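Here is the structure we will look at.
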């Protein structure tokens, strides 16, 4: 399946989680939002649609085709919003983002940032290709063997977020990094380990109440006994606070 084709039900489901977290955790206004690295996905649009969002959203991505797609897609969901696309890497986008804003949203982007830095232009140039999954899988296999490169890249990603959090005043931060079964399905654990270690370092920069977040995440949007998704599996993965960053900065 092409990277450009999304499972709409899954988009809605993850969007529902983001919307629930925004509703329960973010108590301020909802006028300016920043989203990092959506790819050809629109989960955040589903989330903001729940609030009839009419503000401004800055979307940061390195691929111009992604941003063209996002602008068109988000207009369908959020027709009264102002969508500003920033075609830069995360570390280079700081000057394009307001110094104060309401929400920072990012779904499953840390793994993408890590492997994109490792692959350099190969990542951006192949995003959307039918063979992208195989290219990405091979890159992860190679990175998993290079401990020095893993350390260098993950430290750089962490430092970029630390710098961003230092420079910006953000009311609420909501980021996910749940386990993905897209590539290896437990046959190659290094991908999850590399990503989880980096995510957990970033998580230490945030004031987060894991117990409260787990209470918020304990719900069954498909029904508790839904065979397609298995509610208990979701509560251990996509709906588990260990795989989310929700709160304000510690720094």
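The values are calculated or read from the model by the stated rules, or taken from the named source; none is laboratory data. All of these numbers come straight from a predicted model, not from anything done at the bench. Cβ sites come from the backbone with ideal geometry, for glycine too, and all protein chains shown count toward neighbours.
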| Leading residue by the ranking (surrounded by the fewest Cβ atoms within 10 Å (Cβ to Cβ)) among those in the range 221-250 that are assigned to a loop (DSSP other than H, G, I, E, B) and within 21 Å of the chain's Cα centre (by Cα) | 250
| field | Of all residues in the range 177-194 being more than 18 Å from residue 239 (Cβ to Cβ) and surrounded by 19 or more Cβ atoms within 10 Å (Cβ to Cβ), the one that is modelled with the lowest pLDDT | value | 191
| said: So, in the range 211-220, exactly how many residues are surrounded by 12 or more Cβ atoms within 10 Å (Cβ to Cβ) and farther than 13 Å from residue 21 by Cβ? | reply: 1
| Within the range 144-176, which residues are closer than 26 Å to residue 43 by Cβ and either in contact with a strand residue (DSSP E or B) (Cβ under 8 Å, 6 or more places away or on another chain) or modelled with pLDDT under 95 (or both)? | 165, 168, 169, 170, 171, 172, 173, 174, 175, 176
| request: Answer with yes or no whether residue 117 is modelled with pLDDT of 95 or more, farther than 19 Å from residue 26 by Cβ and either surrounded by fewer than 19 Cβ atoms within 10 Å (Cβ to Cβ) or within 17 Å of the chain's Cα centre (by Cα) (or both). | output: no
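The rows are residues; the columns are (1) surrounded by 20 or more Cβ atoms within 10 Å (Cβ to Cβ); (2) under 13 Å from residue 38 (Cβ atoms); (3) over 17 Å from the mean Cα position of the chain (by Cα).
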residue	(1), (2), (3)
75	no, no, yes
83	no, yes, yes
89	no, no, no
95	no, no, yes
98	no, no, yes
101	yes, no, yes
107	yes, yes, no
110	yes, no, no
| field | Residue list for the range 76-92, restricted to those being in contact with a helix residue (DSSP H, G or I) (Cβ under 9 Å, 6 or more places away or on another chain) and not in a strand (DSSP E or B) | value | 76, 77, 78, 81, 87, 88, 89, 90, 91
| note | Pairing a residue in the range 15-27 that is buried (at least 17 other Cβ atoms within 10 Å of the Cβ) with any residue that is at pLDDT 95 or above and part of a loop (DSSP other than H, G, I, E, B), where Cβ atoms lie under 6 Å and the two sit 6 or more apart in sequence or on different chains, gives 19/50
| query | On the given criteria, is residue 17 under 22 Å from residue 133 (Cβ atoms) and modelled with pLDDT of 95 or more? | reply | no
| remark: Subset of the range 49-73, residues in contact with a strand residue (DSSP E or B) (Cβ under 6 Å, 6 or more places away or on another chain) and exposed (fewer than 14 other Cβ atoms within 10 Å of the Cβ), comes to 71
